[in-house]
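Working notes, structure below.
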Amino acid sequence: ETGVTQSPTHLIKTRGQQVTLRCSSQSGHNTVSWYQQALGQGPQFIFQYYREEENGRGNFPPRFSGLQFPNYSSELNVNALELDDSALYLCASSWGSETQYFGPGTRLLVL
Amino acid sequence: AQSVTQLGSHVSVSEGALVLLRCNYSSSVPPYLFWYVQYPNQGLQLLLKYTSAATLVKGINGFEAEFKKSETSFHLTKPSAHMSDAAEYFCAVRPDTGRRALTFGSGTRLQVQP
């Protein structure tokens, strides 16, 4: 059974650029949630996708957007990057509302 | 709205000593509660979860947690610390209805001294 995978592992961007992060959910899971973890803090919920539809959103601006594909993999897109977007981005997959299992994360640095 | 408070951003214990990491939650509905562990430069690994089946929950690596509704607590314990337990631990809460997102505490870094 394959766990949650994320790509890339690390990324460096400059302010104003756009970035796309990718997540492959665990086999059998149909829900993907994205979290942002700033340095020294707990993860903050960005949004969740269930069967290709957004199923809830945290307190993040619209420049954070996402997508879920028919195979339940997912993308997180961030436009107009700001310095404060530097963080570890975590993807978690689950079967509906069941327990969420996390990937290793993508570390984004915005210069 | 739900929230989680983890008391103590850093906890240091000696190898073989009791580990106690504190978590208090605030929730207007019966919650699901979780403990996750994060090793350096890695994602989150589920240690254990409370889903109302039993108040004492056993997890992986010898950890357990007790749900106390009267104290709104879900503290994590391990009888004997091992060097490999050194990591960041996060308590999280999730409602049983509505948006099923996890709300995390700010984390507790556990240091294990030889």
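The values are calculated or read from the model by the stated rules, or taken from the named source; none is laboratory data. The model shown is predicted, which means the values in this text are computed figures rather than measured ones. Cβ sites come from the backbone with ideal geometry, for glycine too, and all protein chains shown count toward neighbours.
Show me the strands (runs of 3 or more DSSP E) found entirely inside region A:60-99 where at least 3 residues are within 14 Å of chain B (Cβ to nearest Cβ). Full working, then the answer.
Details: elements: A:64-68, A:74-78, A:87-94.
Answer list for region A:60-99: A:87-94.
Quick one: what pairs do we get from region A:82-111, first residue touching a residue at least 60 places away in the same chain (Cβ under 8 Å), second basic (Lys, Arg) and in a strand (DSSP E or B), C-beta under 6 Å, 6+ apart or different chains?
A:110/A:13
Looking at region B:70-83, which of its residues are modelled with pLDDT under 95 and of a type in the set (Gly, Ala, Ser)?
B:70, B:73
Among the numbered criteria (1) within 15 Å of the chain's Cα centre (by Cα); (2) surrounded by fewer than 19 Cβ atoms within 10 Å (Cβ to Cβ); (3) away from chain A (no Cβ under 14 Å), which single criterion is violated by residue B:80?
(1)
Considering region B:1-42 alone, what residues qualify as being aliphatic (A, V, I, L, M) and outside any loop (DSSP other than H, G, I, E, B)?
B:4, B:11, B:13, B:19, B:20, B:21, B:33, B:37
When you scan region B:62-72, how many residues do you find that are in a strand (DSSP E or B), within 22 Å of residue B:43 (Cα to Cα) and out of contact with any Leu (no Cβ under 6 Å at 6 or more places or on another chain)?
Restricting attention to region B:62-72, the residues satisfying the condition of being in a strand (DSSP E or B) are B:64-68.
Subsequent filtering for residues that are within 22 Å of residue B:43 (Cα to Cα) retains B:64-65.
So of that shortlist, the ones also out of contact with any Leu (no Cβ under 6 Å at 6 or more places or on another chain) come out as B:64.
Total satisfying the criteria: 1.
Considering only region B:92-112, I want to know if a residue exists there that is among the polar types (S, T, N, Q), away from chain A (no Cβ under 12 Å) and either buried (at least 16 other Cβ atoms within 10 Å of the Cβ) or farther than 19 Å from residue A:41 by Cα (or both).
No - not one qualifying residue is present in region B:92-112.
Out of the residues in region A:41-54 that are within 11 Å of chain B (Cβ to nearest Cβ) and closer than 26 Å to residue B:107 by Cβ, which is surrounded by the fewest Cβ atoms within 10 Å (Cβ to Cβ)?
By that ranking, first place goes to A:41.
Let's see how each residue does on (1) surrounded by fewer than 12 Cβ atoms within 10 Å (Cβ to Cβ); (2) within 13 Å of the chain's Cα centre (by Cα); (3) in contact (Cβ under 8 Å) with a residue 40 or more places away in the chain:
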{"residue": "A:2", "(1), (2), (3)": "yes, no, no"}
{"residue": "A:5", "(1), (2), (3)": "no, yes, yes"}
{"residue": "A:14", "(1), (2), (3)": "yes, no, yes"}
{"residue": "A:33", "(1), (2), (3)": "no, yes, yes"}
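Return only the number of the condition from (1) modelled with pLDDT under 95; (2) closer than 25 Å to residue B:40 by Cα; (3) at the interface with chain B (Cβ under 10 Å from one of its Cβ atoms) that residue A:9 does not satisfy.
Evaluating residue A:9 over (1) modelled with pLDDT under 95; (2) closer than 25 Å to residue B:40 by Cα; (3) at the interface with chain B (Cβ under 10 Å from one of its Cβ atoms) leaves (1) as the failure.
Any idea which of A:97, A:25 is modelled with pLDDT under 95 and crowded, with 21+ Cβ neighbours inside 10 Å?
The conditions single out A:25.
Look through region B:39-53, keep the residues that are more than 17 Å from residue B:108 (Cα to Cα) and either surrounded by 15 or more Cβ atoms within 10 Å (Cβ to Cβ) or without any contact (Cβ under 8 Å) to a residue 12 or more places away in the chain (or both), and return whichever of them is farthest from the other protein chains (Cβ to nearest Cβ).
By that ranking, first place goes to B:53.
For region A:55-66, what are the residues that are surrounded by 15 or more Cβ atoms within 10 Å (Cβ to Cβ) and either touching an Asp or Glu at 6+ places or on another chain (Cβ under 8 Å) or charged (D, E, K, R) (or both)?
Correct list: A:57, A:66.
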